[in-house]
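Heads up, the thing below is written out as structure tokens.
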């Protein structure tokens with residue numbers, strides 16, 4: 001049975017916001033002619049406040065369910081200290097990174113019933129993002145990859161090509177669709193000299209309403225650091241429902257980007273008991289101050305999201321048993 005939780009600003013900010021909305025509502029229902037002008041002002045204020053709360057699917061109830069939703073849209077695989085995320089439209093699955101170990105990715109693909117990957121995105125070539133690549137070889141149609149920085153990076157590209165995948169280097173402005181799922185590359189700039197984390201392929205994904213479920217928008221930030229996040233924040237990325245938090249929740253974050261994205265759900269892919277202290281207290285405070293509901297793989301295990309008229313549905317496998 002699903003249980004509802006409404007996304008709201010936490011702490012003092014939330015209390016003040018609730019008080020302000022209550023006062024506006026009281027003014028609206030007061031019928032005194034002397035308050036007519038004030039009622040008009042209150043109506044505008046209330047509309048603006050509700051618009052600020054809305055604009056994202058996740059501003060509706062966040063629901064917990066006891067079973068993997070058949071209409072799932074996003075799955076953050078529990079791969080330990082690494083990234084592997086699945087996003088599904090009505091014409092195929094997008095996989096972003098492969099985690100550190102093939103068996104961990106393979107287990108997630110089997111659990112989610114994914115036999116074929118229409119598009120694989122390798123944000124960059126650190127082992128915690130590409131170490132599970134062999135689990136995707138032979139079942140991937142095409143791949144978008146970050147710029148290479150070392151000979152091992154070239155080997156990963158060659159392995160994809162050799163397995164039959166069409167491989168393209170990603171750059172800002174690249175876009176495409178898998179039926180109801182539309183993706184767009186926001187970073188890195190074409191021809192950039194950046195490599196590694198600084199050049200992490202950053203995506204916006206919009207899954208439109210279809211026979212599988214309702215709309216959901218996601219920003220995936222790879223391992224992007226604060227400086228590059230600040231640059232992305234100045235681009236017309238737009239607001240989203242969900243953000244895959246950058247760099248496993250490290251302290252190297254730009255608050256401006258999270259302000260621009262306006263997400264109400266934050267996915268943190270991180271290993272239990274990792275040696276890096278991820279996610280950091282500063283990152284968690286940053287998200288909490290913005291009313292972001294955090295879902296962590298070290299605490300929740302694999303996290304699966306579906307989008308329905310009543311809200312975003314969340315299923316989790318339970319506390320991670322995967323070593324960092």
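The values are calculated or read from the model by the stated rules, or taken from the named source; none is laboratory data. The model shown is predicted, which means the values in this text are computed figures rather than measured ones. So basically every Cβ, Gly included, is an ideal-geometry build from the backbone, and we count neighbours across all protein chains shown.
Remarks
The rows are residues; the columns are (1) surrounded by fewer than 16 Cβ atoms within 10 Å (Cβ to Cβ); (2) in contact (Cβ under 8 Å) with a residue 12 or more places away in the chain; (3) outside any strand (DSSP E or B).
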residue	(1), (2), (3)
67	yes, yes, yes
73	no, yes, no
114	no, yes, yes
121	no, yes, no
124	no, yes, yes
143	no, yes, no
147	no, yes, yes
168	yes, yes, no
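- Which listed residue, of 250, 282, 307, is within 19 Å of residue 72 (Cβ to Cβ) and either touching a helix residue (DSSP H, G or I) at 6+ places or on another chain (Cβ under 8 Å) or in the same structural domain as residue 199 (by TED's automatic domain parsing) (or both): 307
- Residues that are touching a helix residue (DSSP H, G or I) at 6+ places or on another chain (Cβ under 7 Å) and surrounded by fewer than 21 Cβ atoms within 10 Å (Cβ to Cβ) within the range 255-275 comprise 255, 256, 260, 272, listed in sequence order.
- Whichever residue in the range 94-107 is surrounded by 24 or more Cβ atoms within 10 Å (Cβ to Cβ) and not in a loop (DSSP other than H, G, I, E, B) and, among such residues, is nearest to the chain's Cα centre (by Cα): 96
- Boolean, residue 224 is over 21 Å from residue 101 (Cα atoms) and surrounded by 23 or more Cβ atoms within 10 Å (Cβ to Cβ): yes
- Residue match in the range 299-308 (condition: more than 15 Å from the chain's Cα centre (by Cα) and in a strand (DSSP E or B)): yes
- Exactly one residue out of 121, 145, 117 is farther than 22 Å from residue 322 by Cα, out of contact with any helix residue (DSSP H, G or I) (no Cβ under 9 Å at 6 or more places or on another chain) and in the same structural domain as residue 216 (by TED's automatic domain parsing), and it is 121.
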